[in-house]
Amino acid sequence: MRFEIIVSLFATMIISAILTPFVRRISFKVGAIDKPTARRVNKVPMPTMGGLAIFIAFNFSLFFLLRNQIPNPQFYGIFFGECIILVTGIIDDIFELRPIQKMIGILLAALAVYLFANVRMTTLTFPFIGIVNFGWFSLPITLLWIAAITNAINLLDGLDGLATGVTIIALFTTGFTGLFFLPSTNIYIVIMIFTLVAAEIGFLPYNFFPARIYLGDTGALFIGFMISIFSLSGLKNATFITILIPVMILGVPLTDTVYAILRRLLNKESISHADKRHLHHRLMQMGLTHRQTVLVIYGISLIFSFIALLYPVSTLWGSVLLTIGILIGIEIFVEAIGLVGENRTPMLNWIRKLVRSNTSKVDSNEFKEENTLKDKVRTRSERHKK
């Protein structure tokens with residue numbers, strides 16, 4: 001990576017750090033404030049809309065410091081989508097949109113990059129089947145991908161520094177993978193990824209516990225949207241492996257989202273119903289402090305990232321077995337912390353039954369052997385007395 005790019009990344013970090021206090025003041029003035037409620041962890045009103053500082057620093061660098069690195073047509077198409085998602089987030093931080101209204105904004109931003117930036121998934125190569133061309137299904141599949149990842153990051157933003165730190169890890173892993181393991185990834189996408197990482201790092205000191213400003217939906221939606229765009233940029237002609245890598249990198253937010261939807265469906269609630277049973281809530285209910293919970297989730301995110309790096313160097317069957325093992329591990333972890341519900345532990349129950357049944361057989365055999373040995377000793381003792 002050339003020297004001027006590295007200097008630009010450091011400049012992005014500094015710009016973000018300088019802008020954040022000003023955005024904090026603006027948040028108070030426009031009413032973008034998160035007030036304490038039963039569902040919130042903050043005890044005092046906190047300014048949101050912190051993502052505005054990240055957005056400005058990120059795009060300032062791309063427009064002025066790194067402009068010659070990004071192709072014109074796709075750059076402006078992506079920027080158009082960014083503006084739509086940013087406006088959606090700002091309005092939500094100030095006025096609090098309903099879930100359907102927020103989803104409309106996400107889908108409009110997704111449609112913009114699909115039409116004007118040509119960011120889309122067009123084919124998928126399945127093992128043993130070959131290439132499947134999506135045709136007009138490319139549009140709904142692309143919109144679904146962008147909406148799913150954007151909402152997953154938004155749901156993750158529940159503790160100080162949580163979404164910021166996890167997405168820094170995810171983005172860095174994505175950029176590293178694209179740079180060294182996926183040669184089909186365009187270098188300008190890698191540059192954009194690391195530019196966003198730099199903007200987030202500049203913001204993180206203000207956002208980490210105890211936070212002075214939140215990402216808000218302005219930041220969570222924007223970062224989630226950009227992550228979905230970056231992943232799609234390498235998935236235009238996707239394969240089994242290239243699909244698994246971003247999914248694994250985003251293991252923490254996607255797992256939390258999938259099980260939140262499952263939990264609400266099992267409880268016969270709306271999937272948009274808010275609750276306090278997300279991953280970070282459950283860890284805190286188990287006794288971890290705010291800071292410990294955030295650091296534990298950082299650690300889990302790092303584990304997912306390391307696993308994702310195994311896919312490019314694995315064989316097909318190795319990737320399949322790795323995926324199966326990860327899914328089993330996730331299910332056991334989720335059941336152990338009660339993410340779906342304390343009484344919904346099918347796999348743990350099956351493991352208990354398996355262990356008990358095998359243990360019972362062993363205990364029974366040992367008991368019989370012990371009694372037989374005692375009978376022999378007793379018989380010998382009686383014979384000796386006679």
Calc'd 3J(HN,Hα), region 319-326, phi into Karplus 6.51 cos²θ - 1.76 cosθ + 1.60 (θ = phi - 60°), Hz, glycine/Pro = x, comes to 5, 4, 5, 4, 5, 4, x, 5
At 1.4 Å probe size, with no ligands or nucleic acids counted, give the accessible surface of Met103 in Å², nearest ten. 60
Helix-only CD estimate at 222 nm, as mean residue ellipticity for the chain, using -39500 (n - 2.57) per DSSP H run (n ≥ 4): -24000 deg cm²/dmol
Hey, got the dipole for the chain? About the Cα centre, +1 on K and R Cβ, -1 on D and E Cβ, debye to the nearest 20? 1460
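Leaving out ligands, DNA and RNA, and with a 1.4 Å probe, what % of the accessible surface on the chain is carbon or sulfur? Let's see the in-between values first.
Values: 13190 of 19410 Å².
After summing per-atom areas, the C and S share lands at 68 percent.
Looking only at the chain, where both bridge partners belong to it, what percent of the DSSP beta bridges are antiparallel (to the nearest 5)?
Details: 6 of 9 bridges.
The answer is about 65 percent antiparallel.
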Heavy atoms only, probe 1.4 angstrom, no DNA, RNA or ligands counted: give me His290, His273 ranked by accessible area, highest first. His273, His290
Would you pull out the residues with amide H under 5 Å of Thr125's amide H, same chain only if 5 or more places away, H placed 1.01 Å from N? Val132, Ala238, Thr239, Phe240
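At 1.4 Å probe size, with every protein chain present, just tell me what the per residue accessible area of the chain comes to in Å². If you can, show how the numbers build up before the last one.
Numbers: 19410 Å² over 386 residues.
For the chain, the solvent-accessible area averages 50 Å² per residue.
Please check the chain for the longest run free of GluC sites (Glu not before Pro) that are loop-located per DSSP (anything but H, G, I, E, B) and have at most 16 other Cβ atoms within 10 Å.
On the way: sites that count: Glu96, Glu269, Glu342.
My reading of the result: 97-268 is the longest stretch.
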Need one number: nm distance between label points at Leu348 and Leu310, each 7 Å from Cα along Cα→Cβ, rounded to one decimal. 2.4
Estimated distance in nm for a label pair at Trp136 and Leu327, the labels positioned 7 Å out from Cα along Cα-to-Cβ: 3.2
Suppose R0 equals 41 Å. What FRET efficiency, 1/(1 + (r/R0)^6) with r the Cβ-Cβ distance, do Arg67 and Leu295 give to the nearest 0.05? 0.65
Let me check something: with ligands and nucleic acids excluded, how do Phe75, Phe28 order by accessible area (1.4 Å probe), largest to smallest? Phe28, Phe75
Rg and Dmax of the chain, Cα atoms, in Å? 25.7, 106
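Within 11 Å, Cβ to Cβ, of Thr167, how many net charges do the neighbouring residues add up to if Lys/Arg are +1 and Asp/Glu are -1? Intermediate results must be reported in sequence, preceding the final value.
Working: positive: none; negative: Asp157, Glu200.
Charge balance near Thr167 sits at -2.
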Long-range amide H partners of Asp34, meaning residues 5 or more apart or on another chain whose placed amide H is closer than 5 Å, are Met46, Thr48
Check region 1-310 and count each lysine pair with an alpha-carbon distance under 23 angstrom, considering only pairs eight or more places apart or from different chains. 9
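The values are calculated or read from the model by the stated rules, or taken from the named source; none is laboratory data. Please read all numbers here as calculations on a predicted model, not as lab measurements. Methodologically, a virtual Cβ is constructed for each residue, glycine included, from the backbone with ideal geometry; neighbour enumeration extends over all protein chains shown. These area figures cover heavy atoms from the full protein model, side chains too; ligands, DNA and RNA do not enter into them. Shrake-Rupley method; radii C 1.70, N 1.55, O 1.52, S 1.80 Å.
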